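The values are calculated or read from the model by the stated rules, or taken from the named source; none is laboratory data. Model, not experiment: these values are computed from the prediction. Using ideal geometry, Cβ is built from the backbone for each residue, glycine included, and neighbour counts are taken over all protein chains shown.
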Amino acid sequence: MTLDIRHNVHIRKARKRPRDSDVAALATVLSSAFMHADLADYLIPDWDERRTRYPDYFALLAEHALTTAHVDLLTIWNHSIIAGAAVWYQVDEDGLPDPEADYGHRLSAAAGPAMERFTALKRAMHEHHPRAEPHDYLAYLAVRPPYRRYGFASRLLDHRHQQLNAAGRPAYLEATGDHNRALYAAHEYLELDPYPIAADGPHLFPMWRKPSNAA
């Protein structure tokens with residue numbers, strides 16, 4: 001008898017004092033999930049270079065996320081495999097948490113010749129981020145390719161949305177294409193005005209979710 005992978009799923013919050021193995025595990029989820037994602041061809045068009053640089057880039061992001069964000073990990077097979085993750089930042093009056101002092105240098109080393117495009121992406125997202133109301137910001141929703149089509153992205157969203165509903169807290173994100181726009185719309189996100197990353201870049205589609213009354 002074949003076990004249904006969907007019935008052996010757990011979601012847990014990552015610890016705030018991560019070990020190196022925690023950073024590596026989250027970085028693996030993020031880099032594998034975004035290796036062929038909507039923005040990948042724009043950020044690093046060359047496949048071989050992307051495959052080389054993405055692990056270091058996402059290791060840097062994973063380290064920052066695990067120390068400053070709310071990170072949900074979706075595990076399967078008795079917690080032996082991390083199949084997906086969601087990275088949420090709490091945005092209040094002070095905005096997003098600042099990165100470490102050496103973040104820019106490390107980002108430049110990880111991005112290499114693509115640094116200009118990574119900088120353009122960060123700048124555009126920062127300029128268009130809403131500031132009028134405290135909210136949770138979904139920076140990354142990632143499911144490793146072998147474990148897609150099981151509804152894991154929706155389970156990660158539902159898990160955090162229940163908590164946000166109870167707290168009466170809205171959520172914000174940037175969708176990157178038609179597929180995830182549809183996913184987020186199905187979870188009560190409404191589209192705001194899209195904007196380009198740069199003059200020659202693709203558009204991002206900001207979306208906002210009001211907390212449900214059902215807490």
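Worth pointing out:
- Any chance residue 29 is modelled with pLDDT of 95 or more, outside any helix (DSSP H, G or I) and among the β-branched types (Val, Ile, Thr): no
Results for (1) assigned to a helix (DSSP H, G or I); (2) without any contact (Cβ under 8 Å) to a residue 60 or more places away in the chain; (3) surrounded by 15 or more Cβ atoms within 10 Å (Cβ to Cβ); (4) among the β-branched types (Val, Ile, Thr), shown as yes or no for each residue.
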| position | (1), (2), (3), (4) |
| --- | --- |
| 133 | no, yes, no, no |
| 139 | no, no, yes, no |
| 150 | no, no, yes, no |
| 162 | yes, yes, no, no |
| 166 | yes, yes, no, no |
| 169 | no, yes, yes, no |
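- Taking (1) outside any strand (DSSP E or B); (2) surrounded by 15 or more Cβ atoms within 10 Å (Cβ to Cβ); (3) free of Cβ contacts under 8 Å to residues at least 40 places away in the same chain in turn, residue 193 satisfies each apart from (2).
- Number of residues in segment 57-111 that are in a strand (DSSP E or B), at pLDDT below 80 and surrounded by 13 or more Cβ atoms within 10 Å (Cβ to Cβ): the value is 0.
- All positions within segment 82-99 that are of a type outside the set (Gly, Ala, Ser) and either touching a residue at least 40 places away in the same chain (Cβ under 8 Å) or touching a helix residue (DSSP H, G or I) at 6+ places or on another chain (Cβ under 7 Å) (or both): 82, 87, 88, 89, 90, 91, 92, 93, 96, 97, 99
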